[in-house]
Amino acid sequence: MNPIDAGAPNGDFDDVALLAKAAQARKRVEDAVAVRVVGQHETLEMMLVALLARGHALLVGVPGLAKTLLVSTLAEALGLSFGRVQFTPDLLPADITGTDVLQEEEDAHGNLRRKLKFLPGPLFHHLVLADEINRTPPKTQAALLQAMQERTVTVGTTTHILPNPFQVFATRNPIEQEGTYPLPEAQLDRFLLRIHVGYPPAEVELRLLLGESAREAAAGKPVAAADPAQMVALQERVRKVKLDPALAGYIQNIAQATRTSSLLTLGVSTRGSLALAAAARARAVLRGRAYVIADDIQELAVPVLAHRVRLASARDGFAATREEEEAALRDIVARLPVPL
């Protein structure tokens, strides 16, 4: 990774060491994931940005691009527990949050007593894959929404705290819409990033056809480059990354431009502005910096904001495509002056 500039506002020596370790850990994670998944470097970087910014991510791509393998391998490379939920139309909230069950226990006098015991669901992991999230009905989506926003689940009258860190990576198939439920704006707004998972480069696909990656994957498991405590420490460090007032104004200008653009009928909310600032801070830490630069904001504006807007053309009953949303947002950002 790039070395930390000597003249940059990095803080004390321990802080500099932590940032250097973050950049080194990124390289180890990339190497560990590459043992099983090749050709997804940009996707992996966006996923690491989401993790460090304590945000959830929506992975959009056609089936067969190793999205599930990518998320599970990333969890293993970071030393995080992994849970997977296959969303289906008959999935109930209790299937993901957990439920209370009645059990018999023997007391000190040998008498059997019935007691409710909570059995946690698959949400009780550090990293949860919500596979095909748009295939489940709104009631189950609402249960997931509470977990994503509050990092707790409520069963009956009891609220249970989810592990720390806790983050959701959801997948959505952009092609097949049969038997799916639309994701409401409130839930889309909870995703820090929408990440496009594309096809691998031709040379990478050729390697896969020749079986090289399969032989590499069989060689061993990824070595964990971090653990949950280290992840939490890095997430806390991200909050302290310096955001210059001029760059904060730049983020505000982007948000304001989406609210007044003739291309859009729904602009970016305040939560969207905060999300872009958080993601930019996370990208800075991944690059070994204690301060945000304009490139961080420009590179992340589309994945952070495109799913939070609505195109004016969508008013005629035609849903906008991901490409149209991203193109409109890219055009809006390109028209704004960049602070030096």
Residue within region 277-287 that is free of Cβ contacts under 8 Å to residues at least 40 places away in the same chain and within 23 Å of residue 53 (Cα to Cα) present: yes
Qualifying positions in region 285-296 - in contact with a helix residue (DSSP H, G or I) (Cβ under 6 Å, 6 or more places away or on another chain), buried (at least 24 other Cβ atoms within 10 Å of the Cβ) and over 18 Å from residue 333 (Cα atoms): 285
Matching entry among 61, 83 (being buried (at least 16 other Cβ atoms within 10 Å of the Cβ), touching a His at 6+ places or on another chain (Cβ under 7 Å) and farther than 25 Å from residue 233 by Cβ): 61
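Restricting attention to region 157-172, does a residue exist that is modelled with pLDDT under 85 and of a type outside the set (Gly, Ala, Ser)? Steps first, please.
Narrowing region 157-172 to residues modelled with pLDDT under 85: 157.
Then drop every residue that is not of a type outside the set (Gly, Ala, Ser), which leaves 157.
There is at least one residue in region 157-172 that is modelled with pLDDT under 85 and of a type outside the set (Gly, Ala, Ser).
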Options 299, 325; residue that is among the charged types (D, E, K, R), surrounded by 14 or more Cβ atoms within 10 Å (Cβ to Cβ), part of a helix (DSSP H, G or I) and in contact with a strand residue (DSSP E or B) (Cβ under 8 Å, 6 or more places away or on another chain): 325
Region 240-258 residues that are assigned to a loop (DSSP other than H, G, I, E, B), paired with ones that are among the small types (Gly, Ala, Ser) (beta carbon under 7 Å, 6 or more apart): 241/284; 241/290; 243/277
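Do we find that residue 272 is within 20 Å of residue 60 (Cα to Cα) and surrounded by 13 or more Cβ atoms within 10 Å (Cβ to Cβ) in this structure? Walk me through how you get there before you give the answer.
Values: within 20 Å of residue 60 (Cα to Cα): yes; surrounded by 13 or more Cβ atoms within 10 Å (Cβ to Cβ): yes.
Judged against the criteria, residue 272 is a match.
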Qualifying residues in region 86-126 (those that are part of a strand (DSSP E or B) and acidic (Asp, Glu)) - the one nearest to residue 182 (Cα to Cα): 100
Residues of region 288-309 that turn out to be in contact (Cβ under 8 Å) with a residue 60 or more places away in the chain and not hydroxyl-bearing (Ser, Thr, Tyr), as a count: 9
Residue pairs meeting the criteria (Cβ under 8 Å; at least 6 apart or on separate chains; first closer than 9 Å to residue 87 by Cα and among the small types (Gly, Ala, Ser), in region 122-137; second crowded, with 21+ Cβ neighbours inside 10 Å and at pLDDT 90 or above): 130/85; 130/87; 130/144; 130/168; 130/169; 130/170; 130/171
Helices (runs of 4 or more DSSP H) within region 1-85 that include 2 or more residues modelled with pLDDT of 90 or more: 41-52, 67-77
Residues satisfying the stated conditions in region 147-158, i.e. farther than 23 Å from residue 301 by Cβ and surrounded by 16 or more Cβ atoms within 10 Å (Cβ to Cβ): 147, 151, 153, 155
Residues that are at pLDDT 95 or above and among the hydrophobic types (A, V, I, L, M, F, W, C), drawn from region 252-283: 254, 255, 257, 274, 275, 276, 277, 278, 279, 280, 282
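Results for (1) among the small types (Gly, Ala, Ser); (2) within 30 Å of residue 334 (Cα to Cα); (3) surrounded by fewer than 16 Cβ atoms within 10 Å (Cβ to Cβ); (4) modelled with pLDDT of 90 or more, shown as yes or no for each residue.
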| position | (1), (2), (3), (4) |
| --- | --- |
| 175 | no, yes, yes, no |
| 192 | no, yes, no, yes |
| 205 | no, no, yes, no |
| 242 | no, yes, yes, yes |
| 250 | no, yes, no, yes |
In region 302-322, the residues that are surrounded by 22 or more Cβ atoms within 10 Å (Cβ to Cβ) and at pLDDT 95 or above: 303, 304, 305
Pick from region 159-173, criterion out of contact with any strand residue (DSSP E or B) (no Cβ under 7 Å at 6 or more places or on another chain) and closer than 30 Å to residue 119 by Cα, ranking: surrounded by the most Cβ atoms within 10 Å (Cβ to Cβ): 166
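The values are calculated or read from the model by the stated rules, or taken from the named source; none is laboratory data. All of these numbers come straight from a predicted model, not from anything done at the bench. For neighbour counting, all protein chains shown are included, and Cβ atoms are generated from backbone atoms with ideal geometry for every residue, glycine included.
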